[in-house]
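For reference, the structure discussed in these notes is given below.
FYI, it's all coordinate maths here, none of it is from the lab. Note that the structure is predicted; figures quoted are calculated from it, not measured. Heads up, the Cβs are rebuilt from the backbone with ideal geometry, glycines too, and the neighbour counts pull from every protein chain shown.
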There are 2 protein chains.
Amino acid sequence: MILKNCRYIVTQDNHRILENVDIRIEEGIIEEIGEKLDGVDKIRCQDYIVLPGLVNAHTHTGMWFLRGFYDDAELSLWLKKVFEIEKSIPRWVVKLSSEAAILEMIMCGTTAFIDMYHYPEETAFVSEKTGVRAMLGPVFMDIFADPENIVKRTEEFIKTYGKSRYITPVINIHSIYNCSEETLLRAKDLQAKYNYPLHIHVSETRKEVYYSKTRYGVFPVEYLDKLGLITAKTILVHLGWITNWELDIVARSNAKCVHCPVSNMKLATAGFVPLREMLDKGITVGLGTDGPASNNSLDMFREMKVMVLLQRNNYWSVDIKAWQALNMATLHGYILLGLKGGKIKKGYVADLILLDKKSFRLNPLRRENIVSNIVYSATGDDVVATIVDGRIIYSREKKAEFIEKISENSEKLNEWLRKHMESV
Amino acid sequence: MILKNCRYIVTQDNHRILENVDIRIEEGIIEEIGEKLDGVDKIRCQDYIVLPGLVNAHTHTGMWFLRGFYDDAELSLWLKKVFEIEKSIPRWVVKLSSEAAILEMIMCGTTAFIDMYHYPEETAFVSEKTGVRAMLGPVFMDIFADPENIVKRTEEFIKTYGKSRYITPVINIHSIYNCSEETLLRAKDLQAKYNYPLHIHVSETRKEVYYSKTRYGVFPVEYLDKLGLITAKTILVHLGWITNWELDIVARSNAKCVHCPVSNMKLATAGFVPLREMLDKGITVGLGTDGPASNNSLDMFREMKVMVLLQRNNYWSVDIKAWQALNMATLHGYILLGLKGGKIKKGYVADLILLDKKSFRLNPLRRENIVSNIVYSATGDDVVATIVDGRIIYSREKKAEFIEKISENSEKLNEWLRKHMESV
């Protein structure tokens, strides 16, 4: 596949922006960038801006059916209602929810996501079908399942999806407060055995910090470190209440982080993700929307903007810039996935999105304000096409079809929810 | 005009949401809401959610050409560059910028806006032509114009637009640091003579508070109050650094306020707009995007969401809810404009927007989560039609035409900007 005459290419490689050149893709890899490249299967890109695909580094796609569910209640009431509904959730609800969320994400330029929810097998099935990349796995969470059962299901999941081109297995742990020490150590052994990443919510709320401090005498990241769970393969999500000495543990271990600004703000978990210090220490920090029930958008463009806004509000400084948001949503995201991606450069995976240069949000458009307009003004609606592994998995001509499919799923999910809401 | 079988109507009247009823509009006013209403000019609305139009209560439409201009520079450098460019700005640049901004706003469901920029006559012309409501007037700002000149131009503006159906004149004052005491008093006299509102940036930055305190011995709102400029006709914008005793002055005087969360965050002005206290005291607080150069979006849906997010982050509490954001963007906005609007109720102005109930962002959709999905998930792209004064000024069939017009303006503005950027 050749992308011909790309009006602009945001390479994410030393801030280089190219104009009017071609991109040649072979077997899912960017093979060449240059002028007058030849090949079959050409796409005319003179009206498009080409950008690496966006990675939604933390979400719960299976919760799509709960968008707008007890939204403005206090966190504890919301959680209670959500847990009650989730107790009776059938597999098909997760499947239709995941499908709606995945279609929504790829329409908005997301090429890969990291997920944590019940029945990841359903989400994996839909991901492979649509051709989006996903990191998935069963979730250790004592109130919902016996840890031995999760070990077994994770091993089955690895057997089924370990060699998939699109799915990367992950050891999912809900949190230190929803897992006993034994469960955490069991998950650690499983991680060591297979060497897939380990993904966990940490230091999201003051309550969690209090729980850790009173029960274990240390802060959450310290606690996980004591148990040996902080390694280069660990993905820590949230960290709004991380201390500076825990930050050193993260940096020293080369553990990875994910920031979910909108969710933290909406749920009023407060705190302060010290992004400047994290990036200064060379820590990889991905960006995630969190689930559709706590954001409630899955649009990574909006997430990039709010990320910069929140950090500027907290630091009283414009230190955090648009290009850093874009780096986190692309480059850092691909590091989390363990893939050579997030740059438009020879040898990188061909996960790309095309934006419409005529979009009113992107104008007035000049070489020097492209990144700024992408982060501060664009939305997922400016995406013309989403390419994963060199394959077009969404193009604007299919928008109506995608919306129809989501709407169909929505009807069925709403019907189930209406019936079950009465009982919670 | 009859809106037939509106799937849902968010009335903004005691949180009432109506289903499957009609709205009859006569001469720009909502005359009746009920079942099986008859009349000519019917619009089938079974697939739409009807909502009062959104008021962008503070912007600078003429700055549209500066979207993405020195965006990530420090505030002082950005301001310096902007002021330098503005010195040589011709009228046609303001006209084409205002036009692009207005088209963008009405596509995103804005039915009225309050503006502050050079050459408001150009913006007024475009507003009347497109049929959107606007509050406009020349700006007192000593470095740009002699105050007597602004008095003269404001009086001319009032003569031309005082009886307009769409334009409301306003006495625009840039700020206490860009106007001498004499200028402020001159503006006050002008306000008293004509009784139109007075609109001013106040307590936006720490620097401004320091300026006021060291020069006048009091805080900015206190200073304006001492000069007699805080009245029920005053609209105070920003207030990130307002003190609690100044808040009492605002409440006692029944002065009005505008909150611009995204702009405050993006420019890292920090501070804290004490919205909970303001609303508790019964103060009218509109919501504004600020100009396209400091946001950089003009989408009021996005602004509503970030408003709730910022307040929750600052208060560590979910006290501020989605319905309050919607109230501020509708009801409070219309109070600022001095119009009976912002509710879908007999006798209110027929400024309405229609949203597509099939939008993926609004789903799953139920009566009880409509407001939540509108505020936390929807964007201007979900707007199917924008109605002002009972006239459809935008409908989705015209989207391509609108985008083409904006793109045309963008080309011309970019050409001018490129030439003049070299000299600043």
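Before rounding to the nearest 500, sum -39500 (n - 2.57) across all DSSP H runs of length at least 4 in chain A and divide by the residue total; then give [θ] at 222 nm in deg cm²/dmol.
Using -39500 (n - 2.57) per qualifying helix, the result is -12000 deg cm²/dmol.
With +1 assigned to the C-beta of every Lys and Arg and -1 to the C-beta of every Asp and Glu, and no other charges, what is the dipole magnitude of the range A:141-230 about the Cα centre in debye, to the nearest 20?
Details: 13 positive and 12 negative charges, 53 e Å.
Value, rounded to 20: 260 debye.
Can you list, shortest first and in nm, the gaps between the label point of residue A:185 and those of its counterparts in the other copies, using a point 7 Å from Cα in the C-beta direction?
8.1
Could you list A:88, A:372 in order of exposure, starting from the residue whose Cβ has the fewest other Cβ atoms within 10 Å?
A:88, A:372
Across peptide A:104-112, how many C-beta atoms of other chains are within 10 Å of each residue C-beta, on average?
Shielding by partners across A:104-112 averages 1.
Take chain B, connect every pair of alpha-carbon atoms lying under 10 Å apart with a spring to form a Gaussian network, then pick out the residue of B:387, B:30, B:85 with the largest mean-square fluctuation.
In the Gaussian network model the winner is B:85.
Using a ≥ b ≥ c from the Cα gyration tensor of the range B:197-295 (square roots of the eigenvalues), is it rounded, prolate or oblate, where a/c under 1.5 gives rounded and otherwise the larger of a/b and b/c decides, a/b for prolate?
oblate
From the backbone phi of the range A:355-363, what are the Karplus-calculated ³J(HN,Hα) couplings (6.51 cos²θ - 1.76 cosθ + 1.60, θ = phi - 60°) in whole Hz, Gly and Pro given as x?
Karplus values, whole Hz, x for Gly and Pro: 10, 7, 5, 8, 3, 4, 5, 8, 10.
Where does each of B:296-305, B:333-342 land if you order them by average Cβ count within 10 Å, highest first? Can you show the working numbers first?
Details: B:296-305: 27.1, B:333-342: 22.8.
Descending mean neighbour count gives B:296-305, B:333-342.
Using a/c under 1.5 as the rounded threshold, could you call the range B:103-183 rounded, prolate or oblate? The axes a ≥ b ≥ c are square roots of the C-alpha gyration tensor eigenvalues, and prolate needs a/b larger than b/c, oblate otherwise.
It comes out prolate by the Cα gyration axes.
From the square roots a ≥ b ≥ c of the eigenvalues of the alpha-carbon gyration tensor of the range A:54-337, which class results: rounded (a/c under 1.5), prolate (a/b over b/c), or oblate? Don't skip to the end; give the middle numbers.
On the way: a/c = 1.28, a/b = 1.11, b/c = 1.16.
It comes out rounded by the Cα gyration axes.
Quick one: among A:347, A:286, A:34, which has the greatest mean-square fluctuation in a GNM of chain A with alpha-carbon springs under 10 angstrom?
A:34
Mind listing the lone cysteines of the protein assembly as shown, meaning no other Cys beta-carbon sits under 4.7 Å from theirs?
Result for the protein assembly as shown is A:108, A:179, A:257, A:260, B:108, B:179, B:257, B:260, no neighbouring Cys Cβ within the cutoff.
Which whole-angstrom value gives the distance between the alpha carbon centres of the range A:139-160 and the range B:171-224?
64 Å
Search the structure for amide H atoms under 5 Å from the amide H of residue B:384, placed 1.01 Å from N in the peptide plane, and list their residues when 5 or more places away or on another chain.
Result for residue B:384 returns B:354, B:355, B:356.
I need the peptides B:40-49, A:108-117 ranked by packing, meaning the mean over residues of other C-beta atoms within 10 angstrom, with the highest value on top.
Going from most to least packed, we get A:108-117, B:40-49.
Between chain B and chain A, with a rotation axis joining them, whose C-beta in B is nearest that axis, and what is the whole-Å distance?
With distances in whole Å, chain B gives B:381, 2.
Hey, in the GNM for chain B with a 10 angstrom Cα cutoff, which one of B:190, B:77, B:224 fluctuates hardest?
Of the options given, B:77 has the highest mean-square fluctuation.
Could you tell me the distance between the Cα centroids of the range A:254-282 and the range B:347-424, to the nearest Å?
That distance is 32 Å.
To the nearest whole number, what is the average tally of beta carbon atoms from other chains within 10 Å of the beta carbons of peptide A:259-266?
Per-residue shielding by partner chains comes out at 3.
Across the residues of B:301-307, average count of Cβ atoms on other protein chains within 10 Å? Write down the numbers at each step before the final one.
Details: counts 0, 7, 0, 0, 8, 7, 0.
Rounded to a whole number, the mean comes out at 3.
Can you figure out the FRET efficiency of residue B:143 with residue B:414, using R₀ = 30 Å and their beta-carbon distance, to the nearest 0.05?
That gives a FRET efficiency of 0.70.
If the limit is 19 Å between Cα atoms, which of A:87/A:233; A:129/A:163; A:321/A:345; B:95/B:152 go over it?
Values: A:87/A:233 30 Å; A:129/A:163 15 Å; A:321/A:345 23 Å; B:95/B:152 21 Å.
Checking Cα-Cα distances, A:87/A:233; A:321/A:345; B:95/B:152 exceed 19 Å.
Can you pull a Stokes-Einstein diffusion coefficient for the protein assembly as shown at 4 °C (1.567 mPa s), Rh from Kirkwood over Cα pairs, as a whole number of µm²/s? It would help to have the intermediate numbers written out before the result.
On the way: Rh = 27.6 Å.
My calculation gives 47 µm²/s for D.
Taking the number of other C-beta atoms within 10 Å as the exposure measure, put B:386, B:214 in order starting with the fewest.
B:214, B:386
So the label point sits 7 Å from Cα along the Cα-to-Cβ vector; using that for residue B:88, what distances do you get to the other copies, in nanometres, sorted shortest first?
7.1
Quick one: label points 7 angstrom along Cα→Cβ at residue A:40, distances to the other copies in nm, smallest first?
Sorted ascending, the copy-to-copy spacings read 6.0 nm.
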